[in-house]
Amino acid sequence: MRPAGETGAAPTPARRDRTVVISSVASDAHTWNLVFLQLLIEELGYTVVNLGPCVPDDVLIDACRTIAPDLVVISSVNGHGWQDGLRLIKAFRAQESLADTPVVIGGKLGTTGLESAARTAELAEAGFDAVFRDGAQEVESFRDFAAALAVRAAT
Ligand code: B12
């Protein structure tokens with residue numbers, strides 16, 4: 001993980017006022033991906049609510065309706081993230097209060113580790129604001145995306 005501030009992403013008061021919800025999908029029992037993301041996002045200065053693994057869609061949706069987060073980060077590595085993600089985002093976007101909430105998904109979303117561009121596009125079309133594939137470069141892209149959140153929200 002890069003040290004906070006290395007690319008101008010040091011924690012700011014604006015970020016401390018913002019909440020990021022992290023969650024896995026209903027089928028996924030892996031946890032260290034979630035811990036990794038929590039540490040990365042906290043380094044940026046955000047408040048994080050980590051809902052953990054195996055979160056049913058309705059539990060995530062209820063939590064987000066209550067918290068009204070500034071960003072929702074979905075992580076999955078068991079290989080079922082693509083279909084779980086599609087189902088989840090359709091239910092999430094069907095909630096009027098969550099229609100505009102930024103939601104991203106990333107990790108090992110397919111069973112082969114070689115997610116096609118078409119599948120990535122399908123997730124984006126279904127309602128995710130960004131889709132991050134596996135790998136260090138994608139984590140860097142996500143970090144830049146998350147770091148810019150407070151700036152976008154303030155303008
Ligand atoms: C530990 C482990 C388990 C443990 C998990 C225990 C726990 N409490 O977490 C147990 C034994 C339960 C398990 C079970 C299974 N596992 Co497992 N598991 C692993 C293992 C060995 C390590 C995962 C880990 O902790 N990594 C450390 C974290 C920090 O890294 P990470 O998970 O890779 O996440 C990184 C990226 O994916 C990315 N990332 C993740 N999410 C997001 C989100 C965003 C937005 C972004 C930007 C980036 C991002 O960033 C993270 C840091 O770089 C991996 C193999 C490996 N060496 O990676 C397999 C692995 C993930 N498991 C795998 C599989 C298939 C399973 C099972 C289906 C096996 C089975 N047949 O039962 C089950 C699924 C259970 C379930 N219901 O989900 C596969 C997934 C294959 C795929 N998707 O292509 C892997 C890759 C093993 C393999 N090579 O086949 N597993």
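The numbered conditions (1) modelled with pLDDT of 95 or more; (2) surrounded by 16 or more Cβ atoms within 10 Å (Cβ to Cβ) are all true for residue 91 except (2). Taking every residue in the range 120-139 that is within 16 Å of residue 107 (Cβ to Cβ) and of a type in the set (Val, Ile, Thr) and pairing it with any residue that is more than 8 Å from the ligand (Cβ to nearest atom) and assigned to a strand (DSSP E or B), at least 6 positions away or on another chain, the pairs with Cβ-Cβ distances below 9 Å are 120/131.
Filtered by the rule that a residue be away from the ligand (no atom under 16 Å from the Cβ) and either at pLDDT below 95 or not in a strand (DSSP E or B) (or both), the range 46-58 gives a lone residue, 58. Just one of the listed residues (54, 64) is touching a residue at least 40 places away in the same chain (Cβ under 8 Å) and not aromatic (Phe, Trp, Tyr), namely 64.
If you go through the range 22-45 one residue at a time, how many are away from the ligand (no atom under 14 Å from the Cβ) and not acidic (Asp, Glu)? Walk me through how you get there before you give the answer.
Initial filter on the range 22-45 (away from the ligand (no atom under 14 Å from the Cβ)): 42, 45.
Narrowing the set further to residues that are not acidic (Asp, Glu) leaves 45.
Looking only at that region, the number is 1.
With a requirement of 2 or more residues that are within 14 Å of the ligand (Cβ to nearest atom), the helices (runs of 4 or more DSSP H) lying completely within the range 62-155 that satisfy it span 81-93, 117-126, 136-147.
The values are calculated or read from the model by the stated rules, or taken from the named source; none is laboratory data. In this text, all values refer to a predicted model and were calculated from it rather than measured experimentally. All Cβ positions, glycine included, derive from the backbone under ideal geometry; neighbour counts span all protein chains shown.
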